[in-house]
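First the structure, in the form of structure tokens, and then the observations on it.
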Amino acid sequence: MSIVVREISKSFGEFAALRDVSLEVPTGSLTALLGPSGSGKSTLLRVIAGLERPDTGGVSIAEEDVTAEAPQRRGVGFVFQHYAAFKHMTVYENVAFGLRIRHRPRTEIRERVGELLRLVQLEGFAERYPAQLSGGQRQRMGLARALAVDPKVLLLDEPFGALDARVRKELRAWLRRLHDETHTTTVIVTHDQEEAMEVADRIALMNEGRIEQVGTPRDLYERPGNEFVMSFVGPVNRVGDAYIRPHDLELCSEPNGSTQEAMVERLVHLGFEVRVELVRDDGTRLSAQVTREEAAALELDVGQIVYVRAVRQTTFTS
Ligand code: ATP
């Protein structure tokens, strides 16, 4: 049940939201569309769903060209940021809805809904109404409802976008486990690189209506194809033409041939990790990342002078 997007362009008036976008989402994968606000992620997802008609190009789902098909004939399950539930129906009835309108037998509906509520960990909530659920529970109900009719693909548009940071993190881990159980081909839109890195097998990074790079989270982080990818996927320092990840800066207490002097301006203790904000005498700011043990060994303190060396750096030839 792969998704193939071929040379899609889409403009709104004069504005080109998608420019010749091609993408393959392999069967059973969880692919993230990642990118800054306005880069075209939602538009691409809506084109795949059939909610937006492209100006040029085509979409195939499960090897079938669906470019001219209406959304309801594409076999897609869709979940938005604010999941629109039927307020007057219980959780059970919401999840059962798609099966009821397909006139599935009552016993099959009961079994399937029970199984789905277990999958989204809402077994005890079947008789509640949507207003009696937390935001995270409502989104999980949305996923159950989308999965009920066995969609060929699942399309998620910032499904956890409206939730607080802790719940988002929990739901990410939960979505990953759910995907490992169901293996439904899934595309998730997010502007949060950490969310994409944590949840997805593959990331398509978008910028200004184009796909900059497609790969595993590790590929994008370790082998970025250009400056945009390097800067968007994880924190980075820029020194002249060189890009240096914070963990690739080594801090020493004594100078040696290749080090440069810098002053510790700020220390942020994040459990295992310590983030060290540095300033050099020419005013350049650098961010380094060391372990708690390394910080203790260097006796790091604000105002202290340290000697900095890049262990690894990346430059791009344009
Ligand atoms: P965000 O993370 O902010 O949702 P996005 O990457 O999902 O951003 P899109 O929603 O795809 O971006 O929008 C891409 C561009 O197309 C934006 O500049 C947006 O203003 C524009 N756009 C989207 N839908 C329409 C529309 N129906 N009419 C006019 N312009 C639109």
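When segment 157-169 is filtered for residues that are more than 24 Å from L51 (Cα to Cα) and either surrounded by 13 or more Cβ atoms within 10 Å (Cβ to Cβ) or in contact with a strand residue (DSSP E or B) (Cβ under 7 Å, 6 or more places away or on another chain) (or both), the ones remaining, listed by number, are L163, V167, R168, K169. The set of residues from segment 223-249 being open to solvent by 40 Å² or more (accessible area, probe 1.4 Å), touching a helix residue (DSSP H, G or I) at 6+ places or on another chain (Cβ under 7 Å) and without any contact (Cβ under 8 Å) to a residue 60 or more places away in the chain comprises P235, V236. Of all residues in segment 23-73, those being part of a strand (DSSP E or B), among the aliphatic types (A, V, I, L, M) and within 11 Å of V5 (Cα to Cα) number 4.
Can you say whether F86 is touching a Lys or Arg at 6+ places or on another chain (Cβ under 9 Å), among the aromatic types (F, W, Y) and in the same structural domain as K152 (by TED's automatic domain parsing), as far as the supplied structure shows? Here the answer is no, as F86 does not meet what is asked.
Whether any residue in segment 7-14 is open to solvent by less than 70 Å² (accessible area, probe 1.4 Å) and within 25 Å of P217 (Cα to Cα) is what I want to check. Yes - at least one qualifying residue is present in segment 7-14.
Yes or no, residue by residue, for (1) in contact with a Phe, Trp or Tyr (Cβ under 9 Å, 6 or more places away or on another chain); (2) among the charged types (D, E, K, R); (3) under 17 Å from V25 (Cβ atoms):
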site	(1), (2), (3)
D150	no, yes, no
L163	no, no, no
L175	yes, no, yes
A200	no, no, yes
I203	no, no, yes
E222	no, yes, no
F228	no, no, no
V236	yes, no, no
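Rundown of residues vs (1) farther than 14 Å from G35 by Cβ; (2) open to solvent by 50 Å² or more (accessible area, probe 1.4 Å), yes/no style:
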| site | (1), (2) |
| --- | --- |
| T186 | yes, no |
| V189 | no, no |
| E208 | no, yes |
| E212 | no, yes |
| Y221 | yes, yes |
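Taking segment 100-121 as the range and being modelled with pLDDT of 90 or more and crowded, with 21+ Cβ neighbours inside 10 Å as the test, only V113 passes. Close contacts from segment 79-107, counting a first residue that is small (G, A, S) and a second that is open to solvent by less than 70 Å² (accessible area, probe 1.4 Å), with Cβ to Cβ under 6 Å and a gap of 6+ residues or different chains, come to A85/N94; A85/P130; A96/I109; A96/V113; G98/A148; G98/V149. Annotation: of all residues in segment 1-34 being away from the ligand (no atom under 15 Å from the Cβ) and of a type in the set (A, V, I, L, M, F, W, C), the one that is modelled with the lowest pLDDT is M1. Picking from residues in segment 122-146 that are more than 20 Å from A162 (Cα to Cα) and outside any helix (DSSP H, G or I), the one that is most open to solvent (accessible area, probe 1.4 Å) is E127.
The values are calculated or read from the model by the stated rules, or taken from the named source; none is laboratory data. Everything numeric here is computed off the predicted structure, so don't read it as measured data. Using ideal geometry, Cβ is built from the backbone for each residue, glycine included, and neighbour counts are taken over all protein chains shown. Please note that ligands, DNA and RNA were not included when accessible areas were found on the heavy atoms of the full protein model with its side chains. Shrake-Rupley method; radii C 1.70, N 1.55, O 1.52, S 1.80 Å.
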